[in-house]
Amino acid sequence: MISLINRTVWIVFFAIIFMLQNLVFAQDQNARLTNITVTNTSDDLLLYLNIEGTFSKETKDAILNGVPAILTFITTFYRVNNFWFDSKIAAITITHAIKYDNLKKEFIITRSSESGNPLIIKSFKEAWQMIAQVNGLKIVSLSSLKKGEKYQIRAKAELGKFTLPFYLHYVPSFDLLKDFETDWHTMDFIYQSPDRRRID
């Protein structure tokens, strides 16, 4: 009888673990990069993208309770070699941060790729949209590219909390904001000329 109870307990235990793993996997799969565009000015190669699937009630509650959050965008740029390893040309990491000022009832947005004062936004939805998109990130100068060569951009995003004082880790709202990362997204193209490109 005891062994039957023990076996039942273990079956239930592993079933719970399995469901939790599936839940975490599903949550991770919700975050994704979208609207990825590679374009150029007369001088530089630029990247545009959005990240979707990151907004949740828990995320909003955590930020409104004073937990600063940071989105990190990681981009690498390669020249594709058919018979050898690809050659890395650039690796760029930028951060977008959001913090809520409860006294002023406003969101403070800072983006590492932009100089100047932080952006002040009143609406959470608008503030989140501001940190969840990359607009015109300079990847490389066109002068470093060769016409007819194949190139690849790889990008991903990660959400995390700022490092807070140790004692704040026990504040319930701190644990509401869950870290995540998207899959890598790749885009290949053949460089044509300063005013024309082809995406494969």
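The values are calculated or read from the model by the stated rules, or taken from the named source; none is laboratory data. Source: prediction; values computed, not measured. Glycine also receives a Cβ, built like all others from the backbone with ideal geometry; neighbour counts cover every protein chain displayed.
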Mind checking whether some residue in the range 61-69 is within 14 Å of the chain's Cα centre (by Cα) and either in the same structural domain as L159 (by TED's automatic domain parsing) or closer than 16 Å to Y100 by Cα (or both)?
-> yes
Residue in the range 105-159 that is surrounded by the fewest Cβ atoms within 10 Å (Cβ to Cβ), counting only those that are farther than 18 Å from R32 by Cα and β-branched (V, I, T) = I120
Would you tally the residues in the range 121-149 being within 25 Å of T95 (Cβ to Cβ), aliphatic (A, V, I, L, M) and either part of a loop (DSSP other than H, G, I, E, B) or touching a Gly at 6+ places or on another chain (Cβ under 6 Å) (or both)?
-> 1
Can you name the residue in the range 52-109 that is in contact with a helix residue (DSSP H, G or I) (Cβ under 9 Å, 6 or more places away or on another chain), among the aromatic types (F, W, Y) and in a strand (DSSP E or B) and is also farthest from N135 (Cα to Cα) among such residues?
-> Y100
Complete set of residues in the range 93-149 that are over 23 Å from the mean Cα position of the chain (by Cα) and at positive phi | K105, G148
